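Report on one structure; see the data block that follows.
The values are calculated or read from the model by the stated rules, or taken from the named source; none is laboratory data. Remember, predicted model here, so these are calculated numbers, not experimental data. Every residue, glycine as well, gets a Cβ built from its backbone with ideal geometry; the counts of neighbours run over all protein chains shown.
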Amino acid sequence: MRRRIDERFLQKWADAIAGTIGTDEGKLDRWMAVLDLLNRIRKIRPARSFALDGRYSLEDKKSFFRNVLAETLGPDLPGNEELVLEPLLKGNLWEGIPALEATLLSVFDQKAGRVVVEVHSPAPLPPEVQAKIVETLLRFVNEGPGRELTGAKSPDQRLSVKPVWKVRPELLAGLEIRIGSRVWDASLSARLRELEHQLLKTA
């Protein structure tokens, strides 16, 4: 049965995991690998059936899933897996794993002063162009009007940028930049839409 997770509980769950990460991106990556694996496991019926089977104790279930994580991830296992396994198995919270991943990323970004920026382009961008875009984005979020969008803790906090590069051929040319819910569309397709709108208004 699908179970909705209380937002406050979800935040506390993410905060507990984030407490073991601090601002270490390597630790974050290891935790994200754990959550990604559990997200894949939740779609495997026998594993879900075992997790719900009342004939096995919580300790048996935790031990089983700890072993699965250890065998799959090996030395990349972050430790403290109890933080995710105990609530997951006690509350049958499998459907909440994607929301936990998103919340954990958000908590980390805020702690680390990291701004995630989606950069959409019609074709893959060469490394030197990517580097120039990141340099411009760093200025924008640290010195320009973009700083107010970032939720920086203090005026002195230096922010970093994590670009997420996405290819969308329908843009034709130019770029579309997304920070949170804000979008700056400097693509050719946007200009063509605007031109079409202007022509329809004057027709």
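Just checking, does region 132-145 include any residue being among the polar types (S, T, N, Q), under 21 Å from Val107 (Cα atoms), in contact with a helix residue (DSSP H, G or I) (Cβ under 9 Å, 6 or more places away or on another chain) and modelled with pLDDT under 90? Let's see the steps before the verdict.
Taking region 132-145 and keeping what is among the polar types (S, T, N, Q), we get 136, 142.
Going one step further and asking which of them are under 21 Å from Val107 (Cα atoms), we end up with 142.
Subset that is in contact with a helix residue (DSSP H, G or I) (Cβ under 9 Å, 6 or more places away or on another chain): none.
Looking for residues that are among the polar types (S, T, N, Q), under 21 Å from Val107 (Cα atoms), in contact with a helix residue (DSSP H, G or I) (Cβ under 9 Å, 6 or more places away or on another chain) and modelled with pLDDT under 90, one finds none in region 132-145, hence no.
Which of the residues that make up region 42-63 are of a type outside the set (D, E, K, R) and over 25 Å from Gly19 (Cα atoms)?
Those that are of a type outside the set (D, E, K, R) and over 25 Å from Gly19 (Cα atoms): Ile44, Pro46, Ala47, Ser49, Phe50, Ala51, Leu52, Gly54, Tyr56, Ser57.
Taking the residues in region 156-203 that are under 24 Å from the mean Cα position of the chain (by Cα) and among the small types (Gly, Ala, Ser) as candidates, determine which candidate is nearest to Gln110 (Cα to Cα).
Filtering region 156-203 for residues that are under 24 Å from the mean Cα position of the chain (by Cα) and among the small types (Gly, Ala, Ser), the one nearest to Gln110 (Cα to Cα) comes out as Ser160.
Could you please give the count of residues in region 169-183 that are touching a helix residue (DSSP H, G or I) at 6+ places or on another chain (Cβ under 9 Å) and either of a type in the set (Asp, Glu) or assigned to a strand (DSSP E or B) (or both)?
Total meeting the criteria: 7.
Mind listing whichever residues of region 112-122 are touching a Pro at 6+ places or on another chain (Cβ under 7 Å) and either outside any loop (DSSP other than H, G, I, E, B) or loosely packed, with under 13 Cβ neighbours inside 10 Å (or both)?
Val117, Val119, listed by residue number.
Scan region 99-108 residue by residue and report those that are within 9 Å of the chain's Cα centre (by Cα) and either outside the structural domain of Ile21 (by TED's automatic domain parsing) or not hydroxyl-bearing (Ser, Thr, Tyr) (or both).
Within region 99-108, Glu101, Ala102, Leu104, Leu105 meet the criteria.
Kindly provide the set of residues from region 184-203 that are over 18 Å from Arg168 (Cα atoms) and part of a strand (DSSP E or B), ordered by number.
Passing the criteria: none in range.
Residue-by-condition table, conditions (1) at pLDDT 90 or above; (2) in a strand (DSSP E or B); (3) more than 25 Å from Val34 (Cβ to Cβ); (4) touching an Asp or Glu at 6+ places or on another chain (Cβ under 7 Å):
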residue: Ile97; (1), (2), (3), (4): yes, no, no, no
residue: Glu101; (1), (2), (3), (4): yes, no, no, no
residue: Gln110; (1), (2), (3), (4): no, no, no, no
residue: Gly151; (1), (2), (3), (4): no, no, yes, no
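Taking Ala123 as the residue in question, decide whether it is free of Cβ contacts under 8 Å to residues at least 60 places away in the same chain, within 14 Å of the chain's Cα centre (by Cα) and under 30 Å from Ala190 (Cβ atoms).
Here the answer is no, as Ala123 does not meet what is asked.
List the pairs whose first member sits in region 90-103 and is in contact (Cβ under 8 Å) with a residue 40 or more places away in the chain and closer than 14 Å to Arg48 by Cα, whose second member is buried (at least 16 other Cβ atoms within 10 Å of the Cβ) and among the basic types (Lys, Arg), and whose Cβ atoms are under 8 Å apart, counting only residues at least 6 apart or on separate chains?
Pairs that qualify, where the first residue is in contact (Cβ under 8 Å) with a residue 40 or more places away in the chain and closer than 14 Å to Arg48 by Cα and the partner is buried (at least 16 other Cβ atoms within 10 Å of the Cβ) and among the basic types (Lys, Arg), are Trp94/Arg42; Glu95/Arg42; Ile97/Arg42.
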